[in-house]
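Everything on this sheet refers to the single structure shown next.
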Amino acid sequence: MKKETLIKTTGKIVAVITFLVIADYLIQEKYKSYKKTYTVGILGDTIKPYGQDFQVRFNFDFNGLRRHSFNSIGDNNIESKTYLIEVPIRKPGRSRILWDYPVPDTLKAPYEGWEEIPAFLKKREGD
């Protein structure tokens, strides 16, 4: 009886993990399909939701409106208070901090953002 219960439990765990991996993949693919623009965001408070990684709140201006969102900090080191933000045009609430692109505090983005990462900010090979 215990062996059957163990097999059923293991099967359920494998099914849940498989579902989560597939769901995450589909969410990431959907995000990649969005048309995006780039702007400058200012980091705010960090929080630690129960059972999750630390998250940071950030603000950014897009199309004349001040927007707010959260991103996981993960393994990233916060080097600056301002970063380049990737903004899905139709879903700005799903914006992401581009941790590899800290920007000067004085840099201002155009009203509608940049269509691509500006050349003066792009990382060079070997950086």
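Is it true that Ser95 is at pLDDT 90 or above, farther than 11 Å from Leu43 by Cα and not aromatic (Phe, Trp, Tyr)? The answer is yes for Ser95.
Return the residue satisfying two criteria in turn: it lies in segment 56-69 and is at pLDDT 90 or above and among the aromatic types (Phe, Trp, Tyr), and of such residues it is farthest from Thr37 (Cα to Cα). Filtering segment 56-69 for residues that are at pLDDT 90 or above and among the aromatic types (Phe, Trp, Tyr), the one farthest from Thr37 (Cα to Cα) comes out as Phe58. The single condition from (1) part of a loop (DSSP other than H, G, I, E, B); (2) within 15 Å of the chain's Cα centre (by Cα) that Trp99 fails is (1). Selection over segment 55-75 of residues that are surrounded by 14 or more Cβ atoms within 10 Å (Cβ to Cβ) and over 19 Å from Gly113 (Cβ atoms) gives a count of 6.
Matching residues to (1) touching an Asp or Glu at 6+ places or on another chain (Cβ under 8 Å); (2) of a type in the set (A, V, I, L, M, F, W, C):
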site: Gln52; (1), (2): no, no
site: Phe58; (1), (2): no, yes
site: Asn63; (1), (2): yes, no
site: Arg66; (1), (2): no, no
site: Pro88; (1), (2): no, no
site: Pro104; (1), (2): no, no
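From the list Ile42, Ile78, Ile117, the lone residue that is aliphatic (A, V, I, L, M) and part of a strand (DSSP E or B) is Ile42.
For segment 23-54, filtered to residues that are small (Gly, Ala, Ser) and surrounded by fewer than 13 Cβ atoms within 10 Å (Cβ to Cβ), the residue that is nearest to Lys122 (Cα to Cα) is Ser33. Is at least one residue of segment 65-77 within 13 Å of Arg94 (Cα to Cα), of a type in the set (D, E, K, R), without any contact (Cβ under 8 Å) to a residue 24 or more places away in the chain and assigned by TED's automatic domain parsing to the domain that holds Pro102? Checked segment 65-77: no residue is within 13 Å of Arg94 (Cα to Cα), of a type in the set (D, E, K, R), without any contact (Cβ under 8 Å) to a residue 24 or more places away in the chain and assigned by TED's automatic domain parsing to the domain that holds Pro102.
Gly113 satisfies every condition listed in (1) crowded, with 18+ Cβ neighbours inside 10 Å; (2) within 16 Å of the chain's Cα centre (by Cα) except (2).
The values are calculated or read from the model by the stated rules, or taken from the named source; none is laboratory data. What you see is a predicted model; the values in this text were computed from it and never measured. Heads up, the Cβs are rebuilt from the backbone with ideal geometry, glycines too, and the neighbour counts pull from every protein chain shown.
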